[in-house]
Structures are given as structure tokens and as C-alpha cells.
1. Mind putting a number on the dipole of the chain about its Cα centre? Charges go on the C-beta only, +1 for Lys and Arg and -1 for Asp and Glu, and I need it in Debye to the nearest 20.
2. Could you check the spin-label model distance between Thr33 and Phe14? Points 7 Å from the Cα along Cα→Cβ, value in nm.
3. Which residue, Asp44, Asp16, Asp26, tops the fluctuation ranking in a GNM of the chain built on C-alpha contacts under 10 Å?
4. Helix-only mean residue ellipticity at 222 nm, the chain, DSSP H runs n ≥ 4 weighted -39,500 (n - 2.57), per residue, nearest 500. What is it?
5. For Ile72 and Leu54, calculate 0.36 nm times their separation in residues minus their Cα-Cα distance, and state this gained length in nm to one decimal.
6. State whether the chain is rounded, prolate or oblate according to the following rule on the C-alpha gyration tensor (a ≥ b ≥ c being the square roots of its eigenvalues): a/c under 1.5 gives rounded; otherwise a/b larger than b/c gives prolate, and the remaining case gives oblate.
7. With all protein chains present, how much of the accessible area of the chain (probe radius 1.4 Å) comes from carbon and sulfur, to the nearest whole percent?
8. Could I have the simple spin-label model distance between Ala47 and Asp26, label points 7 Å from Cα toward Cβ, reported in nm to one decimal?
Amino acid sequence: MRRMIETLNHLPLFRDIEPERIAQLDPLFKHLTYEPNSVIFAQDQPANYLYVLLKGTVAITYKPYDGPSITITRLQNGGDVFGWSA
């Protein structure tokens with residue numbers, strides 16, 4: 001499997017970071033794969049991770065207390081980030 005450092009170098013979020021710094025980040029990343037329509041984390045769960053989308057689509061939804069869920073945005077390929085401090 002490809003090391004995350006090889007991927008991070010090409011993503012807009014990490015574009016201006018020196019290669020030495022990205023090398024320090026590499027061990028902090030884990031490659032995860034989810035099945036279509038999986039819930040990665042729920043609205044009331046603590047945001048413990050920052051996710052970098054490499055492939056596919058993620059829908060960010062919000063469930064108000066007085067109505068149905070609302071899709072806030074859809075993220076697609078290309079290094080979009082979501083989760084903790086996104």
C-alpha cells in the first residue's frame with residue numbers, strides 16, 4: 001500500500017508544507033476504506049479525527065431537533081477534509 005506521505009504531497013491542504021514536515025505527519029495517518037452509505041461518525045459523537053477524502057463522495061448532514069436530516073454539503077475526491085477542525 002502506498003504511504004500517506006506520497007498522497008499528502010499532492011493535496012491542496014498540504015501543498016505548501018515542507019517535505020520534512022509532511023514526513024513527520026506520515027505515521028499519524030491511517031488509510032481507511034468505507035462501504036457506500038456507511039456512517040463515518042454521527043452528529044453527537046466527539047470529533048476525534050480529521051479525515052482526508054481521497055476517493056468517493058461524503059455527504060455531511062445535520063439533524064435539527066425539530067425536523068428531518070438536511071444535507072449541508074457533499075464532498076468529492078481531491079483532498080477535501082472533514083471531521084475534527086475541518
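1. 180
2. 2.0
3. Asp44
4. Theoretical 222 nm ellipticity from helices: -3000 deg cm²/dmol.
5. Contour length minus Cα-Cα distance gives 4.5 nm.
6. The shape class here is prolate.
7. Answer for the chain: carbon and sulfur cover 52 percent of the accessible area.
8. Those two pseudo-labels are separated by 2.9 nm.
The values are calculated or read from the model by the stated rules, or taken from the named source; none is laboratory data. Just so you know, these numbers come straight off a predicted model, no measurement behind them. Please note: Cβ atoms are built from the backbone with ideal geometry, for glycine as well, and neighbour counts cover all protein chains shown. With ligands, DNA and RNA removed, areas are computed over all heavy atoms of the protein, side chains included. Shrake-Rupley method; radii C 1.70, N 1.55, O 1.52, S 1.80 Å.
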